[in-house]
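The next block holds one structure in the form of structure tokens; read it before the comments.
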Amino acid sequence: MTIAIIGAGLGGLALARVLHMNGIGAVVYEREPSRGARGQGGMLDLDSGTGQRALREAGLLDRFHAIARREGQDLRLLEPDGTLLLQEDTPDDAPLERPEVDRADLRNLLLDSLPEDAVHWGRAFEYADHGLLHFTDGSSATYDLLVGADGAGSRVRALLTDARPAHTGQNVVELGIPDIDHTHPGLARMVGRGNYWVLGNGQSLSAQRNGDGRVRIYLSFYTAEDWFATSGIPFDDPAAARVRLIDLFTGWDARFTALIAACDDTIRPWSITTLPVGLTWPSTPGVTLLGDAAHLMPPVGQGANMALLDGALLGLALAAHPADFPAAVKDYEREMFARTSAAGRQSAHIQEILTSPDAGRKMLAFFQPG
């Protein structure tokens, strides 16, 4: 029985790892030409009950602890005028409840846990029919079970549902400050060791310290889907774009706009899309989905955790029913639909808080209920 996994992201690799541990072969097909072909994004916080549970099932929890950043759990929450609402500093002996980890380091951990030939690089999935995968390079491969772990723009999804990601009304511009401790030590002390959030009326600024010393800056605007095209901001001219972006934060404390001014020329406009909360489909023999392909959520801390747990639990279900893949998929999808629907509702609630006029105070109440 051949299991084909489309996509070498965290969820697909977690599935391949759990299958490998249980003596079940699988092939991962990835469109990127190599593991280092592109950057993998910033930091992730892995929850003890979801992402870390998945790594425990994959036999990788100790190795994860070796690369996790306990101090990444630190949090500072502020209002645009500079008012500090919340500061949480993590003791050195604190439990690893939601430690930060560099996404690339976590992906490498999963890749290194697999046989060298488990991932077939440079194989971009095009379509599937009658047990045959077709790739854009003209090659093909057989499969008995096809798992779409191919992210927000999943091509596998169309085999199960007509649902497509829709714009949430949020547009993000990602920037960054390299080696901040040496290039801007004052800003480094301000941001701290973990996450730094400034929430305002209709926009926000967050800063996230990465393990390599870079601080990633995310500017969020709650605007129309075509805002990047209509804003007049010259994103192809990073220096000019930074000036225009600073102008959008008029009235904010000068320390926050100083973060934008200190960024290098890396700039990424990014529209936020999601799938409908509670999306399901009739269980179909031979194909299923995991991660963003199945339940794309706003980027508020749930996506990677859910994807990892999807992969681990699907692997365990297949190991429990090695001769009955349809039964395994039904068991997996039943649990996944319920779990990720709840996570999707919570993510949507956080997204609603972030768009509110008093987002900072509402987020404070979320962190400190009662």
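The values are calculated or read from the model by the stated rules, or taken from the named source; none is laboratory data. Keep in mind that what you see is a predicted model, and the values were worked out from it rather than measured. Cβ coordinates were reconstructed from backbone atoms using ideal geometry, including for glycine residues, and neighbour counts include every protein chain displayed. Accessible surface is based on the protein model in full, side chains and every heavy atom, while ligands, DNA and RNA are left aside. Shrake-Rupley method; radii C 1.70, N 1.55, O 1.52, S 1.80 Å.
Between residue 22 and residue 37, residue separation times 0.36 nm minus the direct Cα-Cα distance comes to 2.4 nm.
Over all other residues within a Cβ to Cβ distance under 14 Å of residue 364, the charged ones net out to 0, with Lys and Arg as +1 and Asp and Glu as -1. Sorting 332, 127, 143 by accessible area puts them as 127, 143, 332; the probe is 1.4 Å, largest comes first, and only protein heavy atoms count.
For the chain, with all protein chains in place and a probe radius of 1.4 Å, 50% of the accessible heavy-atom surface sits on carbon or sulfur. Given a 1.4 Å probe and the protein chains all in place, what does the accessible area of residue 228 round to, in Å² to the nearest 10? Surface open to solvent at residue 228 totals about 40 Å². Most simply put, the chain has about 70% antiparallel DSSP beta bridges, counting only bridges with both residues inside it. Grouping the Cα pair distances of the stretch 181-305 into 10 Å bins from zero gives a pair-distance distribution of 10, 35, 31, 16, 7, 2 percent in increasing distance order.
Once the 1.4 Å probe is applied to the protein heavy atoms, the stretch 53-152 comes out at 48 Å² accessible per residue.
Dipole magnitude of the chain about its Cα centre, charges +1 at Lys/Arg Cβ and -1 at Asp/Glu Cβ only, in debye to the nearest 20?
Dipole magnitude for the chain comes out near 300 debye.
Solvent-accessible area per residue in the stretch 210-363 equals 41 Å², computed with a 1.4 angstrom probe and all protein chains kept. Legend: calculated FRET efficiency, residue 321 to residue 254, from the Cβ-Cβ distance at R0 = 56 Å, rounded to 0.05, equals 0.40.
One Cα centroid belongs to the stretch 282-356, the other to the stretch 208-250; the line between them spans 31 Å.
Heavy-atom accessible area with a 1.4 Å probe sorts 324, 117, largest first, into 117, 324. Projected label points at residue 271 and residue 84, each 7 Å from Cα along the beta carbon direction, are separated by 4.0 nanometres.
Residue separation of residue 338 and residue 366 scaled by 0.36 nm, minus their Cα-Cα distance, works out to 7.8 nm of gained length.
About the centre of its Cα atoms, the stretch 160-246 shows a dipole size close to 380 debye [charges on the beta carbon of Lys, Arg (+1) and Asp, Glu (-1) only; nearest 20 debye]. Consider the candidate values (1) 0.95; (2) 0.98; (3) 1.00; state which one is Rg/Rh (Cα atoms, Kirkwood Rh) computed from the structure displayed. Derived directly from the coordinates: (2).
Summing +1 for each Lys or Arg and -1 for each Asp or Glu among the other residues whose beta-carbon sits under 10 angstrom from that of residue 122 gives -1.
For the pair residue 212 and residue 189 in one chain, pulling the backbone fully straight at 0.36 nm per residue adds 6.7 nm over the alpha carbon distance.
Between residue 237 and residue 181, the FRET efficiency from the beta-carbon distance, with R0 = 41 Å, is close to 0.90.
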